[in-house]
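Engineer: One structure, as structure tokens, below. Some questions next.
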Ligand SMILES: Cc1cc2nc3c(=O)[nH]c(=O)nc-3n(C[C@H](O)[C@H](O)[C@H](O)COP(=O)(O)OP(=O)(O)OC[C@H]3O[C@@H](n4cnc5c(N)ncnc54)[C@H](O)[C@@H]3O)c2cc1C
């Protein structure tokens, strides 16, 4: 439903998935003066590297609810965003049976379509998998994966159709304020763009824009390696796997290939990098480790080989959860960043939450309390944490 919005002008910094989803949501809700400013190309940041996994499994209820609210968007857009509804499963060993039961019950309480499955059922779903060390699994039949770039461009197209302007090669040098109000932004070439609302959705780079205003947004850039493996034969649409036993995640890529990501975040501080200057291929040690874990889990691949590798960067706050909130006591200033490798699947709901905050001052969804995503939680020592954390995989869930 389109509602009447006051005549205010919004600038969104960052043309990734999150900035474009916010532009889509604001214009859908009637804000017709919206400008997205992207310093490079649309989706050229973390979005372009995303594995695009769609699932609801999170230990923070509001994030699970955001993923659940977002799922129909993938289902409706379907092939337009490369959505393949393969299903999704989480595998755990004995040490994580209780958290898996508790998280799954929490998800079912939110209305999520998810069930616990035993080894036998898992083996039926995934004939090539070694299930010997899996104690229990959960299965979301409506999960899968899609293409983050296509989704970002789709949001951009929807926003444009509703009147938004999207500018590339328009880097923001600083956010402008007067007293306790935001007044716009200054671009790198000195141009000033006036605005009553400035939403910073610039991923890791949001930290510097905040720091210039004296606002402390603690965020690190964490490098994550990915492998593309040729399985040696054409693969059917097998469910996406979050393997909390071997600490890896995998999904089908194309037809006969497989995408493998690392979810072992021990010593994660050692992987903090400069996001403007990092190696875009996996290390030899990384490849060896991931290949070994992959072969353990999928011994049924007939003739596997690594075809290529790459790396992306997550924007990681101390509790691995985003800030989506007005910040700094500055009227009109909103921060939306710190998605730590999870922003894709929740991006539709994130846009809607920011539109709620800008247009009504609060979340309109009781399952997604705005207070969860306040910046102040870091300084107050009240991180947003999983209710039922997994042993050995705490940061990610
Ligand atoms: C390797 C990898 C795998 C992932 N896999 C998944 C997954 O399977 N499922 C999932 O849900 N999520 C996943 N994610 C996370 C998800 O893709 C991201 O959270 C999401 O794409 C981030 O979008 P964003 O718009 O916040 O950031 P970005 O895409 O990084 O966009 C920020 C934009 O801001 C621009 N910018 C920066 N500074 C300025 C400035 N001063 N002025 C103007 N523009 C500026 C940048 O150029 C960039 O384009 C993954 C991420 C990575 C890196």
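The values are calculated or read from the model by the stated rules, or taken from the named source; none is laboratory data. All of these numbers come straight from a predicted model, not from anything done at the bench. For neighbour counting, all protein chains shown are included, and Cβ atoms are generated from backbone atoms with ideal geometry for every residue, glycine included.
Engineer: Give the residue, chosen from 113, 133, that is more than 16 Å from the ligand (Cβ to nearest atom), in a loop (DSSP other than H, G, I, E, B) and under 23 Å from residue 343 (Cα atoms). Steps first, please.
Structural biologist: Working: 133 fails: under 23 Å from residue 343 (Cα atoms).
Selected residue: 113, the only one of 113, 133 that is more than 16 Å from the ligand (Cβ to nearest atom), in a loop (DSSP other than H, G, I, E, B) and under 23 Å from residue 343 (Cα atoms).
Engineer: Within the stretch 51-81, take every residue that is out of contact with any strand residue (DSSP E or B) (no Cβ under 7 Å at 6 or more places or on another chain) and within 11 Å of the ligand (Cβ to nearest atom) and give me the one that is farthest from residue 155 (Cα to Cα).
Structural biologist: If we take residues in the stretch 51-81 being out of contact with any strand residue (DSSP E or B) (no Cβ under 7 Å at 6 or more places or on another chain) and within 11 Å of the ligand (Cβ to nearest atom), then 58 is farthest from residue 155 (Cα to Cα).
Listed here are the residues, each with its yes/no results for (1) more than 21 Å from residue 18 (Cα to Cα); (2) buried (at least 21 other Cβ atoms within 10 Å of the Cβ).
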position: 194; (1), (2): yes, no
position: 197; (1), (2): no, yes
position: 210; (1), (2): no, yes
position: 225; (1), (2): yes, yes
position: 239; (1), (2): yes, yes
position: 247; (1), (2): yes, no
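Engineer: Could you tell me whether residue 98 is under 26 Å from residue 255 (Cα atoms) and modelled with pLDDT of 95 or more?
Structural biologist: On the way: under 26 Å from residue 255 (Cα atoms): no; modelled with pLDDT of 95 or more: yes.
Spelling it out, it is not the case that residue 98 is under 26 Å from residue 255 (Cα atoms) and modelled with pLDDT of 95 or more.
Engineer: Follow-up question, since we're still on this one. So which residues in the stretch 259-295 are surrounded by fewer than 16 Cβ atoms within 10 Å (Cβ to Cβ), touching a residue at least 12 places away in the same chain (Cβ under 8 Å) and under 18 Å from residue 235 (Cβ atoms), if there are any at all?
Structural biologist: Of everything in the stretch 259-295, nothing turns out to be surrounded by fewer than 16 Cβ atoms within 10 Å (Cβ to Cβ), touching a residue at least 12 places away in the same chain (Cβ under 8 Å) and under 18 Å from residue 235 (Cβ atoms).
For (1) surrounded by fewer than 24 Cβ atoms within 10 Å (Cβ to Cβ); (2) touching a helix residue (DSSP H, G or I) at 6+ places or on another chain (Cβ under 7 Å); (3) under 30 Å from residue 241 (Cβ atoms), each residue gets a yes or a no:
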{"site": "8", "(1), (2), (3)": "yes, no, no"}
{"site": "58", "(1), (2), (3)": "no, yes, yes"}
{"site": "72", "(1), (2), (3)": "yes, no, yes"}
{"site": "86", "(1), (2), (3)": "yes, no, yes"}
{"site": "110", "(1), (2), (3)": "yes, yes, yes"}
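Engineer: Filter the stretch 162-205 down to residues that are over 28 Å from residue 317 (Cβ atoms) and part of a strand (DSSP E or B) and give me whichever is farthest from the ligand (Cβ to nearest atom).
Structural biologist: 178
Engineer: What residue, of 346, 368, is crowded, with 23+ Cβ neighbours inside 10 Å, in the same structural domain as residue 199 (by TED's automatic domain parsing) and in a loop (DSSP other than H, G, I, E, B)?
Structural biologist: Numbers: 346 fails: in a loop (DSSP other than H, G, I, E, B).
Residue meeting the stated conditions: 368.
Engineer: With respect to the numbered conditions (1) farther than 26 Å from residue 213 by Cα; (2) near the ligand (Cβ under 10 Å from one of its atoms); (3) surrounded by fewer than 24 Cβ atoms within 10 Å (Cβ to Cβ), which one is the sole condition not fulfilled by residue 299?
Structural biologist: (2)
Engineer: I'd like the full set of residues that are without any contact (Cβ under 8 Å) to a residue 60 or more places away in the chain and away from the ligand (no atom under 11 Å from the Cβ), limited to the stretch 312-329. Reasoning before the result, please.
Structural biologist: Start the filter on the stretch 312-329 by keeping residues that are without any contact (Cβ under 8 Å) to a residue 60 or more places away in the chain, which leaves 322, 324-326.
Correct list: 325, 326.
Engineer: Name every residue in the stretch 126-166 that is under 16 Å from residue 250 (Cα atoms) and touching a strand residue (DSSP E or B) at 6+ places or on another chain (Cβ under 7 Å), in order of residue number.
Structural biologist: Across the stretch 126-166, the qualifying residues are 134, 137, 138, 139, 140, 143, 144, 145, 146.
Engineer: Evaluate the stretch 330-338: report whether one residue or more is within 30 Å of residue 132 (Cβ to Cβ), more than 16 Å from the ligand (Cβ to nearest atom) and either in the same structural domain as residue 210 (by TED's automatic domain parsing) or surrounded by fewer than 20 Cβ atoms within 10 Å (Cβ to Cβ) (or both). Give the derivation first.
Structural biologist: Step one: list which residues in the stretch 330-338 are within 30 Å of residue 132 (Cβ to Cβ), which gives none.
Scanning the stretch 330-338, I find no residue that is within 30 Å of residue 132 (Cβ to Cβ), more than 16 Å from the ligand (Cβ to nearest atom) and either in the same structural domain as residue 210 (by TED's automatic domain parsing) or surrounded by fewer than 20 Cβ atoms within 10 Å (Cβ to Cβ) (or both), so the answer is no.
Engineer: Which of the following residues is surrounded by 15 or more Cβ atoms within 10 Å (Cβ to Cβ), under 27 Å from the mean Cα position of the chain (by Cα) and over 30 Å from residue 104 (Cα atoms): 164, 146? Give the steps one after another, and end with the answer.
Structural biologist: Details: 146 fails: over 30 Å from residue 104 (Cα atoms).
Sole residue among the options that is surrounded by 15 or more Cβ atoms within 10 Å (Cβ to Cβ), under 27 Å from the mean Cα position of the chain (by Cα) and over 30 Å from residue 104 (Cα atoms): 164.
Engineer: Starting from residues that are within 24 Å of residue 74 (Cβ to Cβ) and in a strand (DSSP E or B), keep the ones in the stretch 11-47 and report whichever is farthest from the ligand (Cβ to nearest atom). Spell out the reasoning first.
Structural biologist: Quick first cut of the stretch 11-47, residues within 24 Å of residue 74 (Cβ to Cβ) only: 12, 14-29, 34, 36, 38, 41-47.
From what is left, the residues that are in a strand (DSSP E or B) are 12, 34, 36.
Numbers: 12: 9, 34: 15, 36: 9 Å.
Of everything passing the filter in the stretch 11-47, 34 is farthest from the ligand (Cβ to nearest atom).
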